[in-house]
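A.B. asks: Dumping the structure here so I can ask a few things about it.
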Amino acid sequence: MLDKIYEMDFAILAFIREHLSCTAMDVLMKLFTHAGNWGIIWIALTIGLLISKKHRRLGVTMAIGLVVCLAAGNLILKPLIARDRPFIADPGIILAISPPSGYSFPSGHSFSSFVSASILAKYSRKAAAFAIPTAILIAFSRLYFCVHFPTDVLCGAALGIAAGLTVCRLRRDRTEERPALDNK
């Protein structure tokens, strides 16, 4: 079963390299992959929300989501599963970006992006219009550069959505208030 998953993962990565790679995509994907490094785009947004008195409750929810992501993804799952990255599993893969360190599963870029996007989407359609495409592009950039397998990205996204919705639910149950960025 695992062999079939690896086979499928490598086939998808090969398809992306063969059919989607070009100079313009290299530039665009570098922007998104770097925005996702260390969750910087989501941390900056969270800080902005925390500074704003009007949106502080949402900022706290975002911060909790990112801490859950860090703890579950980087501190528990990555060391527990210890999956090598694609370029380690196949040394023939040439990277166009600096090789990231650490294990591959789940994708931290995808996890942090989707935990953030799901929390923002829960509270604002306007924020969702920015956050969801950004999360998708950050996650895809990890495939584009062959630093994660598709299953790493899919699981990171699924974990992010689950964690984001759970944090929203727990925060709402506790306070019975919803931070709103706009009127739905």
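The values are calculated or read from the model by the stated rules, or taken from the named source; none is laboratory data. These figures come from a predicted structure and were not determined experimentally. As a convention, Cβ positions derive from the backbone with ideal geometry for all residues, glycine included, and neighbour counts pool all protein chains shown. Surface areas here come from the heavy atoms of the whole protein model, side chains and all, with no ligands, DNA or RNA. Shrake-Rupley method; radii C 1.70, N 1.55, O 1.52, S 1.80 Å.
A.B. asks: Pairs under 6 Å by beta carbon, first residue in contact (Cβ under 8 Å) with a residue 24 or more places away in the chain and under 18 Å from Ser101 (Cβ atoms) in the stretch 69-82, partner open to solvent by less than 40 Å² (accessible area, probe 1.4 Å) and in a loop (DSSP other than H, G, I, E, B), six or more apart or different chains?
C.D. replies: Gly73/Pro106; Leu77/Pro106; Ile81/Phe105
A.B. asks: Moving on. What do you reckon, is Asn74 under 30 Å from Cys168 (Cβ atoms) and either open to solvent by less than 50 Å² (accessible area, probe 1.4 Å) or not in a helix (DSSP H, G or I) (or both)?
C.D. replies: Considered against the rule, which asks whether it is under 30 Å from Cys168 (Cβ atoms) and either open to solvent by less than 50 Å² (accessible area, probe 1.4 Å) or not in a helix (DSSP H, G or I) (or both), Asn74 comes out as no.
A.B. asks: Glu18 passes all but one of (1) of a type in the set (D, E, K, R); (2) free of Cβ contacts under 8 Å to residues at least 12 places away in the same chain; (3) within 30 Å of Ile119 (Cα to Cα); which number fails?
C.D. replies: Just one mismatch for Glu18, condition (3).
A.B. asks: Assess whether Ser101 counts as being under 12 Å from Arg142 (Cβ atoms) and among the hydroxyl-bearing types (Ser, Thr, Tyr).
C.D. replies: So Ser101 does not fit the description; no.
A.B. asks: I've got another one for you. Going by the conditions given, is Asp26 in a loop (DSSP other than H, G, I, E, B), in contact (Cβ under 8 Å) with a residue 12 or more places away in the chain and open to solvent by 10 Å² or more (accessible area, probe 1.4 Å)?
C.D. replies: In short, no.
A.B. asks: Quick one: in the stretch 110-129, which of the residues that are at pLDDT 95 or above and not aliphatic (A, V, I, L, M) is nearest to Leu13 (Cα to Cα)?
C.D. replies: Ser110
A.B. asks: Scan the stretch 109-135 residue by residue and report those that are of a type in the set (Phe, Trp, Tyr) and farther than 11 Å from Leu66 by Cα.
C.D. replies: Answer for the stretch 109-135, where residues must be of a type in the set (Phe, Trp, Tyr) and farther than 11 Å from Leu66 by Cα: Tyr123, Phe130.
A.B. asks: Within the stretch 24-65, count every residue that is hydrophobic (A, V, I, L, M, F, W, C) and in contact with a helix residue (DSSP H, G or I) (Cβ under 6 Å, 6 or more places away or on another chain).
C.D. replies: Residues that pass the stated criteria total 11.
A.B. asks: Also: Given the structure, is Ile88 free of Cβ contacts under 8 Å to residues at least 24 places away in the same chain and closer than 18 Å to Leu13 by Cβ?
C.D. replies: Spelling it out, Ile88 is indeed free of Cβ contacts under 8 Å to residues at least 24 places away in the same chain and closer than 18 Å to Leu13 by Cβ.
A.B. asks: If you don't mind, there's one more thing I want to ask. Would you point out the residue of the stretch 152-172, among those that are open to solvent by 50 Å² or more (accessible area, probe 1.4 Å) and not hydrophobic (A, V, I, L, M, F, W, C), that is farthest from Pro99 (Cα to Cα)?
C.D. replies: Arg172
A.B. asks: Among the listed residues Ile16, Ile5, which satisfies the condition of being over 30 Å from Leu165 (Cα atoms) and out of contact with any Asp or Glu (no Cβ under 8 Å at 6 or more places or on another chain)?
C.D. replies: Ile16
A.B. asks: Would you point out which residue out of Ile40, Ile5 is in contact (Cβ under 8 Å) with a residue 12 or more places away in the chain, under 25 Å from Gly102 (Cα atoms) and of a type in the set (Val, Ile, Thr)?
C.D. replies: Ile5
A.B. asks: Next question, about the same structure. How about the stretch 81-151: which helices (runs of 4 or more DSSP H) wholly inside it have at least 2 residues that are open to solvent by 60 Å² or more (accessible area, probe 1.4 Å) and over 20 Å from Lys30 (Cα atoms)?
C.D. replies: 125-144
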